[in-house]
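Report on the structure given below.
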Amino acid sequence: MKNKLEVSTLLLRFVLGISFFIHGFVKFHDGIGNIVSWFESMGLPGGLAYVTAAIEMVGGIAIVLGLGTRIVSILLSLLMIGAIIKVKLAVGFLGNGQMAGYELDVAYLVIAVFLAVNGSRLLALDSLFFKGQSVPDENNEAA
């Protein structure tokens, strides 16, 4: 049973990581200046566009590699909460015909929260770096 959970968690980690990497890459590739202007039009600091794109791109790679999965997942969760509240909430769950709703953002948020809480050890670089250390799990929680 534990092996099924680890394989399933690995799939979630790959999907989330690849998805965020692509979102971050597109922000830089299509012109981060457009994203800066869009952030500013919403009353957010333009520099936050660079931070967001970098977290998405670098964090996406890190999650795929299993490097700092819990920490990166917390950062991605915060990004999704911000996106839902600041951008998507007003257009509704399914959107308004001009903009997508927040249904995918909620799915990404739930996956990120799952990974932040549970981690992912299968094929993860963290497992190589912290091999000798005890990692708490559901059967052996550290106090």
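The values are calculated or read from the model by the stated rules, or taken from the named source; none is laboratory data. Predicted, not measured: the structure shown is a model, and the values here were computed from it. When we count neighbours, we look across all protein chains shown, and the Cβ atoms used for this are built from the backbone with ideal geometry, even at glycine.
Summary table below
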{"read-out": "Selection within the stretch 89-114 - at pLDDT 95 or above and of a type in the set (G, A, S)", "value": "A107, A112"}
{"read-out": "Wholly enclosed helices (runs of 4 or more DSSP H) of the stretch 13-132 bearing at least 3 residues in contact (Cβ under 8 Å) with a residue 24 or more places away in the chain and among the polar types (S, T, N, Q)", "value": "69-83"}
{"read-out": "Only one of L44, L10, L78, L65 that is more than 11 Å from the chain's Cα centre (by Cα) and closer than 23 Å to G101 by Cβ", "value": "L44"}
{"read-out": "Flag for G92 being buried (at least 20 other Cβ atoms within 10 Å of the Cβ) and of a type outside the set (S, T, Y)", "value": "no"}
{"read-out": "Qualifying positions in the stretch 31-60 - surrounded by fewer than 18 Cβ atoms within 10 Å (Cβ to Cβ), hydroxyl-bearing (S, T, Y) and touching a helix residue (DSSP H, G or I) at 6+ places or on another chain (Cβ under 9 Å)", "value": "S37, Y50"}
